[in-house]
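In what follows, a structure is listed as structure tokens, so that the remarks can point back to it.
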Amino acid sequence: MVVPESQEKMYYPPVELQRNAHVPDLNSYLVMYKKSLENPEAFWREVADEFFWKKPATGP
């Protein structure tokens, strides 16, 4: 989270880089963060689904 006093120190990525990023903006990050707290198993299952696995991931 950014406090107003430090906002002038923020550095923004180029728009093209931001557009193609896995987490393109603070709002997306906050949504992901909230989901990770509310339902960590589902959150990490979705993250694991993004990886290439030689064998399917196992576990809870």
Of the residues PRO40, PRO13, PRO24, which exhibits the maximal mean-square fluctuation in a Gaussian network model of the chain defined by a 10 Å Cα contact cut-off?
PRO13
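Using only alpha-carbon positions, what ratio does the radius of gyration of the chain give when scaled by 2.2 N^0.38 Å?
Numbers: Rg = 15.6 Å, N = 60, 2.2 N^0.38 = 10.4 Å.
Its radius of gyration relative to the 2.2 N^0.38 Å reference: 1.50.
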Could you tell me which residue out of MET32, PHE52, VAL15 lies farthest along the dipole of the chain toward its positive end? Charges go on the beta carbon: Lys and Arg +1, Asp and Glu -1, centred on the Cα centre.
PHE52
Computed for the chain: size of charge dipole around the Cα centre, +1 on C-beta of each Lys and Arg, -1 on C-beta of each Asp and Glu, debye to nearest 20, value 260
Relative to the longest principal axis of the C-alpha atoms of the chain, give the angle of the C-alpha long axis of helix 40-49, reported between 0 and 90° and rounded to the nearest 10°.
80
Per-residue [θ]222 nm for the chain (sum of -39500 (n - 2.57) over DSSP H runs n ≥ 4, rounded to 500)
-13500 deg cm²/dmol
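Computed from the coordinates by the stated procedures, all read-outs in this text should not be read as laboratory data. Predicted model, so just to flag it, every value in this text is computed and none were measured. Don't worry about glycine lacking a Cβ; one is built from the backbone with ideal geometry, like all the others, and counts go over all protein chains shown.
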